[in-house]
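Notes for the one structure printed next.
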């Protein structure tokens with residue numbers, strides 16, 4: 001859904017929830033004006049995918065490929081920092097949500113485990129669709145971040 005349409009849908013109550021970073025999306029768009037609740041459970045991995053078609057990539061010189069690669073790494077790092085701003089080692093972003101009237105719930109480890117247990121059948125179905133190797137590789141990356 002186009003984000004402009006999503007904002008209107010939030011305001012009209014057509015869409016009653018969303019998932020986005022606090023500092024780079026929820027705060028600047030003042031989503032607390034249409035959504036009064038937020039649940040923090042640190043489920044997401046901060047992946048930024050920057051892609052170039054093979055046809056285009058093959059037209060680049062090796063020097064240009066290196067420039068694009070380095071720029072992509074830098075852009076991904078900036079995006080990740082923006083998504084986490086105010087959350088890593090700080091409660092500032094969460095407190096701003098509370099000040100603006102949002103009820104903030106942080107799930108416990110036991111609550112997250114219960115959610116995983118209930119959604120396991122969906123997870124298992126999609127492992128088959130996406131591919132076991134890709135899912136296991138992703139799980140290994142996630143495990144390293146804990």
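The values are calculated or read from the model by the stated rules, or taken from the named source; none is laboratory data. As the structure is a computational prediction, the values presented were derived from the model and not from experiment. Glycine also receives a Cβ, built like all others from the backbone with ideal geometry; neighbour counts cover every protein chain displayed.
General remarks:
- In the set 104, 23, 48, only one residue is touching a strand residue (DSSP E or B) at 6+ places or on another chain (Cβ under 8 Å) and in contact (Cβ under 8 Å) with a residue 24 or more places away in the chain; that residue is 104.
- Residue count for the range 125-146 satisfying the condition of being free of Cβ contacts under 8 Å to residues at least 24 places away in the same chain and exposed (fewer than 10 other Cβ atoms within 10 Å of the Cβ): 8.
- Criterion (in contact with a strand residue (DSSP E or B) (Cβ under 7 Å, 6 or more places away or on another chain), under 29 Å from residue 8 (Cβ atoms) and at pLDDT below 90) met by exactly one of 40, 97, 87, 78: 40
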